[in-house]
Structure formats: C-alpha cells, structure tokens
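The next block holds one structure in the form of structure tokens; read it before the comments.
The values are calculated or read from the model by the stated rules, or taken from the named source; none is laboratory data. Remember, it's a predicted structure, so these values are computed and weren't measured experimentally. Backbone-built Cβ (ideal geometry, glycine too); neighbour counts: all protein chains shown. Note: areas computed on protein heavy atoms with side chains; ligands, DNA, RNA excluded. Shrake-Rupley method; radii C 1.70, N 1.55, O 1.52, S 1.80 Å.
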There are 2 protein chains.
Amino acid sequence: MTELYGSIEAGGTKFVLAVGDEQLNVLKRIQIPTETPEKTLAATLSFFQENPVTALSIGSFGPIDINPESPTYGSITTTPKAGWGNINLLEILKKELSIPMAFTTDVNASAYGEMVKTGQKSLIYFTIGTGIGGGAVQNGQFIGGFSHAEMGHQYVKHHPKDLDFAGVCPYHGDCIEGLAAGPSLEARTGIRGENLPADSEIWDIQAFYIAQLAVNSTLAFAPEKIVFGGGVMAQEHMMERVRKQFSQLLAGYVQLSCDLQDYLVRPAVLENGSATLGNFALAANLLKRKY
Amino acid sequence: MTELYGSIEAGGTKFVLAVGDEQLNVLKRIQIPTETPEKTLAATLSFFQENPVTALSIGSFGPIDINPESPTYGSITTTPKAGWGNINLLEILKKELSIPMAFTTDVNASAYGEMVKTGQKSLIYFTIGTGIGGGAVQNGQFIGGFSHAEMGHQYVKHHPKDLDFAGVCPYHGDCIEGLAAGPSLEARTGIRGENLPADSEIWDIQAFYIAQLAVNSTLAFAPEKIVFGGGVMAQEHMMERVRKQFSQLLAGYVQLSCDLQDYLVRPAVLENGSATLGNFALAANLLKRKY
C-alpha cells in the first residue's frame, strides 16, 4: 500500500500543512494564519480530512511537552501567545484522526529535515527571527533529556559597543534572544530591522552574538554542520559577517571537519521547507521507515 | 570466564590506573605522576602486564582524536603539555596489550561513570580546576560529532564587577576557562585560589560564570543532572553559590525535572572515582555488556 505522510509546522504566526509521498516529495502544501486554537486546529483537521495521510508529524513552537510519559504530553505549555498556553495539540488532533503522530519542536523538525537532505550525522538548526531557537540531531536522535533544547536563551558576552544594552528578553534580558533577535534591533535603534541599511554597524553587533551561539554550539556538540534559517540570516551579508566573527572567536581552537563556508550555512532545503521534510521523515519513521 | 576491566585516567598531572571486576568494583587502583610519555606509558604498561585485564578504556586529557576513521585515532593532538602533543596513546598501548580498548576524553569517562552510578539517562559532567572541561551522555551515547565536546571554552557574559578582566585563556581570553578556572583567580588577585578566604567576593564572581555554564548547558541539552567535579567545586560554599546564581539566571524559563539540590550536584562516585567507573563500564561494553 502506498503511504502518505503529513506535516504540521505549527508557528506563532502561521501553520504550514503539507502532504508528502514515500520519496518525501511535497504533493500539497498550504499556509493558514495562526488565529485562535479552535479556528486554526479546525482548519488543520479539515485539511487532513480532505487529504488523508498514513502518519503525520507535528513540529511546534514552544515550549512544548515532549515527554510521552507526561499527562500533558503533546501540549504547548507556557507560551506568551494569547490563547495557546496549555493547548494539547496532539490530543485534539488524535481525537479526530486515528493515525500515528510524532510530536517535536519546529526547530527539531527543521534540523531533522536538514539531516535527511544533507546526509550529515550531526547537525544543528537555528532560526534567527522574531525569536531565536535551535534544535540538534546526532545519529538520528534529537538532543534533549528532561525536555527539548531552548538554545536561543543562552548567555554570551556583550559586544564592546553594546555593553550597556540590557536586552529585550522578558525572562533573561540579555540572553542571545534578548540581544540578537529581531526586536532587539528596533529596541536599540528605534528602526525596524528590515528598514536598517545593510551597512549599519548594528549588523556586526548582531552577527557577533550569532557567531557566539555558533561557537558555543560547536564546542558543546561538535556538529558536522550548523544551519541558519529565519529571516535575518536570509541576507547573504549576514552569513558572511557571522562566519568572519565565528573564526575570530573560535581562534583555531578546534579544527572543523569541513570548510567554514560549508559549516555555517543556509538551509539546504529551499523555500523554508526544512521542517516539512523533517516531519515527513519523522512520520515515515513511525511506520518503521528509517530516515 | 571471569572478566576484568582496566581503566586509564590520563591526566595532565597524574595517571590513575585501575582494575575492576564484573560488578565494576575497584580491585586495585594506583596513581603515577605524568612525566614524559615514555616514562609514564612504560609504567602504565607494566601495571597492566602485572595486572592483566580482559578489556580496558582510556579517558584522556585533550584535545584528542576520537574518530576511529582517522589516521591519528587514539592521539592526544594539540596539547600545550610539553612532550605530549601528537602522542598516540592508543597505538602505543595496543602494541603491547592485545585486548579491546576504548578511547575517549577524561570528562566523557567521568560522565559515563556518573550515568552508571546514578541511572540517569542524560547527564553532564564538568570539572572545574586548573582548566574547565565537560562531557555529556544521552541515552548511553556521548555528545559529539566531528570530534568531542570542549565545553569549557564557551563564551558567557561578564560579571558586572569583572567587566575589565580580559581572562587568561591563551586561545580565547575571556571564555569560561579564561574567566573561571583556577588560574583566573590568581590573575585577578595575585593570590592562589586555595589561599583566598571563603568570604572573598571573588567566589561569587567565579560562581556567576560556572552558573552560566550550567544555564547554557541546561538550555542546550536539558540533561537530567549536571555533576561538578574538580577541586574548586569540592568547597560546599561554591555549590551553594552556583545553585543560587543558576536560579537567578535561568529565571524560571524551564522547569527542571527535579529539585535544584539534586540537579546541580557533586559526583555520586566518591574519591574522584567517576572516570574509573566510567572506564570499567566502557571496557565492559566492548565485551558486549551493556552499561
């Protein structure tokens, strides 16, 4: 019997729903806005009722409960997004769709998709946008223990020209998300990031923080590749700034297993499709495939 | 047939050699000083010729080459320790001892020993002493990809009272090792750490950095436990300082799976025996045991 795989990429502003075939090709893919849970999940269910799949995987914004032993397994937990706290995505979907379902973070799903696409054994995926998040895989396993990673909230050192900036993370102030995610740009300059000129020195400050995230992750995980998704890093000048500062900060302490250009990279899956591909593979794994 | 397991904990100042039984109990354990590779490895070989074992494991100071596909697999690579650079420990030992041997970092061996002792599925072991190092296990696998972790060289933010201290790491200046390992204390105060009074505010500064290492590792790995070995953390006032600052810095962002007192802990294996136990277990695994 031919199998079809479903992907739900549940984001804070939109849900991306997709159906893939056994070769993990996208057969259909739509976006719907993230409104109330009732509305958005009803639309999600309709999509998969009209487009039945054999198994599906959900990659969700978080924090989420990924512990299968927990009574709230499948939930978004403490999100500041109104209406979505303590919503059990998995339970709601399972009530209506009697198929195997996987549940992980959006960045884990993206990391998995990049792993499948590139064939790397160990890989980290970061998204740098309104927030900063990261997911890592090693030998097919997600990195995580009592819960999933929350890599965007790590502490790093301040840029010499940014010593007094307190950061904008409501929890930590000057963690990486507080210092380098989109809203930090506007907090410093009064100008939204997309309106800042490409030669503004603010980009070097932001790149300094993102480079430290890459250095710390290199030292913690020694991954074969670090992939940067999200709007900020879609600007090629940013990738180059991050690579340059990464080299200076790592200071030759460890030898990478490939060229820097191939180590700090944009996603190999095009059109923001990393999570979709990752979800297809995770859904296929539920049916004893091995991606 | 009864099996015996060997452990070599190869440190920069001493080698600890041990023999264990099938229950991983220590039957014999000696220390020898780390002198020239010729002298120390000859003494190591003598020990295991007099005390034959079925398999052994080496946990070494580093950086080391742990990639079995590499031509220099088994080597200490770029250590500043005179005479020990590019010494292939594994090759030298294998020439004389025809038994299965495992090879990893000293901190990985310690992490493994703590995992075996405590039964945790995911755990990080840090040593805070002359240097700072860390090893992590998750579901029986070491964290690492193209090489092993080098967690002690990550960047963190400066303490408000320590903004101008440049750090003493020869590679990075103000990475964690440069800011918080033993030599940083003397560099700041002119007084060796062991002679500083317990009420010196320098300990809070050091604890601030170690707490950030714990916060960043919590966010990157979500481990079930973080274990602190090494001389600095043997002082109970330090564990308490680190716990207090960890709580403030994490700011309730993730919920630990246990009490803080049980999360940030001293080694469960007494008398600096974590690496020895870990090596016994890793040696046993070579013979198809499953620790």
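Other residues with beta-carbon under 9 Å from the beta-carbon of residue A:16 carry, at +1 per Lys or Arg and -1 per Asp or Glu, a net charge of +1. Modelled label positions at residue A:49 and residue A:23, each set 7 Å beyond Cα in the direction of Cβ, lie 3.3 nm from each other. Between chain A and chain B, the total buried accessible area stands at approximately 3600 Å², from heavy atoms with a 1.4 Å probe. Computed from the Cβ-Cβ distance with R0 of 60 Å, the FRET efficiency linking residue B:199 to residue B:2 stands at 0.70. Taking the DSSP beta bridges with both ends in chain B, the antiparallel portion is around 60 percent. Applying a length cut-off of 15 Å (Cα extent along the axis) and a mean Kyte-Doolittle floor of -1.0 to the DSSP H helices of chain A leaves A:37-50, A:106-118, A:202-221, A:236-250, A:274-286. On a per residue basis, chain B carries 41 Å² of accessible surface, using protein heavy atoms and a 1.4 Å probe. By the scheme Lys and Arg +1, Asp and Glu -1, what is the net charge of all other residues having a beta-carbon under 14 Å from that of residue B:187? Taking every other residue near residue B:187 into account, the sum is -3. Average projection, convex hull of the Cα set of chain B: 15.1 square nanometres. Here the extension length gained between residue A:163 and residue A:236 equals 23.6 nm, from 0.36 nm per residue of separation less the Cα-Cα distance.
With a Förster radius of 45 Å applied to the beta-carbon distance between residue B:31 and residue B:251, the computed FRET efficiency rounds to 0.60.
Atom-type composition of the exposed protein surface of the protein assembly as shown places 51 percent of the accessible area on carbon and sulfur (1.4 angstrom probe). Each of residue B:78 and residue B:38 was given a label point 7 Å from its Cα along the Cα-to-Cβ line. The distance between the two points is 2.8 nm.
Around residue A:276, with a cut-off of 10 angstrom between Cβ atoms, what is the net charge of the other residues, counting Lys and Arg +1 and Asp and Glu -1? With Lys, Arg at +1 and Asp, Glu at -1, the neighbours total -1. Per residue of the protein assembly as shown, the DSSP helices (runs of n ≥ 4 H) give a summed -39500 (n - 2.57) that works out to -10500 deg cm²/dmol at 222 nm.
Burial of accessible area (probe 1.4 Å, heavy atoms of protein chains only) in region B:251-269, relative to its chain alone, reaches at least 50 Å² for B:253.
Classify region A:110-265 from the C-alpha gyration tensor, please: rounded if a/c falls under 1.5, else prolate or oblate depending on whether a/b exceeds b/c. The shape class here is prolate.
At a threshold of 40 Å², the residues of region A:181-225 that become less accessible to a 1.4 Å probe in the full protein assembly than in their chain on its own are A:216, A:219, A:220, A:221, A:222.
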